[in-house]
1. Looking for something surrounded by 10 or more Cβ atoms within 10 Å (Cβ to Cβ) and under 19 Å from ALA297 (Cα atoms) - is there at least one such residue anywhere in segment 457-468?
2. Could you pull out the residue among ARG480, ARG454 that is surrounded by fewer than 17 Cβ atoms within 10 Å (Cβ to Cβ), outside any strand (DSSP E or B) and at negative phi?
3. Regarding segment 471-479, can at least one residue be identified that is closer than 14 Å to LEU151 by Cα and modelled with pLDDT under 90?
4. Being assigned to a strand (DSSP E or B) and touching a residue at least 40 places away in the same chain (Cβ under 8 Å) is the filter here, so list the residues in segment 203-215 that pass it.
5. Run VAL10 past the list (1) out of contact with any Phe, Trp or Tyr (no Cβ under 7 Å at 6 or more places or on another chain); (2) open to solvent by 20 Å² or more (accessible area, probe 1.4 Å); (3) not acidic (Asp, Glu) and report the number of the one that doesn't hold.
6. Go through (1) of a type outside the set (Phe, Trp, Tyr); (2) surrounded by 20 or more Cβ atoms within 10 Å (Cβ to Cβ); (3) under 23 Å from THR413 (Cα atoms) and name the single condition ALA297 misses.
7. Can you name the residue in segment 236-282 that is more than 21 Å from VAL209 (Cα to Cα) and among the small types (Gly, Ala, Ser) and, of all such residues, is modelled with the lowest pLDDT?
8. Taking segment 59-79 on its own, how many of its residues are open to solvent by less than 50 Å² (accessible area, probe 1.4 Å) and under 22 Å from PRO101 (Cβ atoms)?
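The values are calculated or read from the model by the stated rules, or taken from the named source; none is laboratory data. Keep in mind that what you see is a predicted model, and the values were worked out from it rather than measured. Cβ sites come from the backbone with ideal geometry, for glycine too, and all protein chains shown count toward neighbours. The accessibility values were calculated without ligands, DNA or RNA, using every heavy atom of the protein model including side chains. Shrake-Rupley method; radii C 1.70, N 1.55, O 1.52, S 1.80 Å.
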Amino acid sequence: MELNLQKQTVSINETIYDGVVEQPLECDVLLPDYCPDIQKILRCEVVPSLLLTAVNGDKLSVDGMAMAHLYYLDENGCIRHAEYKIPYTRVVELRCAPQNPSVCVTQSVDYFNCRAVSSRRLDMRGAVTMNVRVTGQTEEEVLVAAEGAGLQLCPDTAENACVLPRVMRQASVREEVELGYGKPAVGAVIRASASAQVTDYKAITGKLVTKGEITVKVVYQCEEDAKKLEVMEYALPLSQVIDLDGVDEDCSCSVWYEVCSLDVTPKANADGENRAFTLDVSLNACASAYRRMQLDAVCDCYSTSYECKPTVRQVPLLRLIDTVDETCMYKETLDLPPDAGSIVDVWCTAGAPTVQIEEDCAVVTGKMTVCMFVCEANGEIAYYDQAREYSHRIALRGSYETLVFSPNTSAGTAAFTMSGHEKLEVRCPVRIWGGVCSLYRRTVVCDVTVDETRAKTRRDNVLYLYYASEREPVWEIAKRYNTSVAAIQAGNQLEGDVLEGRQLLLIPMK
């Protein structure tokens, strides 16, 4: 008897690596020739950026760049700035070579020490902490339908998410901007920061068209008075096209920008005054996408005519719960330093997040460091920081088993207001984004073989009586009596696959 099997190819997502690695940062550097000698170090801030990830066999290579920003006072009590680029490469050993790998790396700096060996020489030591997650995607053929040989199938519908490999496209923006009306001319740039936000995107076949904005904040030293600092902020429009194979309008996507570096150069006008800046921003346009797919699989089978042997596997499936993109507004009232006369600049850095799963939500928490330049009563610039914690609750929709959520976070531009002479109110948006998935396993039949030389003995056109239990599956009864589910449902006028209560059933052998 001819047996026709229909199969469907299913994407199986497997976690190859999920862990934390530490990358040491060490360098011995000199001040640039144009910088005056160091009298007192105020702050050495390190910002890591991701340049490239590549999987080669069972190894993951991560290339990054740490930008070390040194803020110090010279012998005249004026604040100065110097920056250093510290490139690094980290190789992570994977337990196997993944197929169609997708790599997620988030970075943070937990500690960094900067020591002045002399007035022009610095010893820097620290480490970048990387949270690394690598997933692979294999394909498995599963049975979805069959005809012939009296084969009976128990259908099972499941949802599975096909995860498209994460992509990262490097881009750059160059813009010339002017000082605001009434602002004094620029002597030197002391501190500059940038953050980028995706405001809108559209998925078309194979591409993501994104629009967004880059926010740049510049703290500069006045040309006429080196001890006086001014602040300028700019917003630059941004649009990028990200190539992502397999994406279309039916996919759920996470899209974001990562600023890698910012160069701010003062520019002179016709009168020789520095009244403009040239902004060079290097960034990554990143995206990950999920495609929801329905799997009409078979979880069990038997033949009413012959002995058969199914090939059964437990396969891991990934169900997409939601793609999260939320903003937590961090608010805190801090005590001002005792000698603070005025606040020059305030900014916030967000550390690596942790996730705690509760009954109906995911609680994302992380370290928030509030940094500030303060003009003290004696006119000198000082640096202070205070470590706090932010927390945000993300509502979860529907049911889930093992939750998979590795969010990305970034702190935006901070705002502040003075509350009297002793308190400072700080507000800073923290963006949290990523895909929330449920990892679960389902038993599926991948193949079945029927032995036509071993026919089953059955008495056709015979009727049995069976007293069924409450919530008993009709499939189990049909399999026990070697008949079909359809025959039992038709003979007893049943609509569902599970009995609602105890009842007497007619078991026709058809």
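1. no
2. Values: ARG454 fails: outside any strand (DSSP E or B).
On inspection, the qualifying residue turns out to be ARG480.
3. Among the residues of segment 471-479, not one is closer than 14 Å to LEU151 by Cα and modelled with pLDDT under 90, which makes the answer no.
4. ALA203, ILE204, LYS207, LEU208, THR210, GLY212, ILE214, THR215
5. (2)
6. Exception for ALA297: condition (3).
7. Across segment 236-282, the extreme among qualifying residues is ALA270.
8. Qualifying residue count for the region: 5.
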